[in-house]
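Before any comments, here is the structure.
Read-outs throughout are calculated quantities, based only on the coordinates presented, and are distinct from any laboratory measurement. In this text, all values refer to a predicted model and were calculated from it rather than measured experimentally. Neighbour counts are summed over all protein chains in view; Cβ atoms, including those assigned to glycine, are modelled from backbone coordinates with ideal geometry.
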Amino acid sequence: MMFARVSVLGFALLLLCPPVSAAPSPQETHQRTASRRVFDGIGGGPPKGAWTVGVQGGYPWQTVRGLVGVGKRMAPIAELETALFRRWRPSLGLSMAWVDVPRFRLSGEVLLGWLIQTGAVKRLGPQGILRMRFSAPLGRIAPYLVLGTRHALLLDRRTVVSSSASVTTLEARHNWTGWATLGAAFAINDMLGLDVGMDWPWVDAPTISIPGFHLGIWIGGG
């Protein structure tokens, strides 16, 4: 699909861009340090030594996500997502904050994982995910937007039965899912925060999916 190809190209260009940051004033440094740990989960790209773990529960998606900073705005990601405990997606990846100024952060993410769907319609195969995260910390509140594209290589098992024998083959096909999340994060203190958001995936495009929602709790330190 043309949109899927354009989205992949856009994310690739983003990952090639150099990060941009600005030196904050002492007052801005204090405000950001007091609340930024809980914003790293939804904004991405925590600084070196900082870590964040979050659990998001809602309908129909639930997610467990963790990041730890290892370099200049670079952080490995571990993520587990499920939809109604029928579709599972464990993934590992990398996050990088490309723009990090006092009132705005833009980060990109690349994840590789495995899609496992049980039930009447079974799906199985590797999946790659590209995301952009926009967040605007304003004191202890941070509105955010997540845009993503997911590409899965599904392995379908087909069995042909004849009078003499049965032959089973594996067929691969591409499955694309677009994703958007709009929400807001709230820092309770420097280690604890909440977020609420609306999730709108485009599963099995061009079929339009019903939006979902979530409530998350985050802890962080470092």
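Overall shape: prolate for region 57-139, with the ratio a/c of the largest to smallest alpha carbon gyration tensor axis at 1.5 or above and a/b above b/c.
If you add up the charges near residue 179, with Lys and Arg at +1 and Asp and Glu at -1, over every other residue whose beta carbon is less than 9 angstrom from its beta carbon, what do you get?
Numbers: positive: 131, 150; negative: 199.
Cβ neighbours under 9 Å give a net charge of +1.
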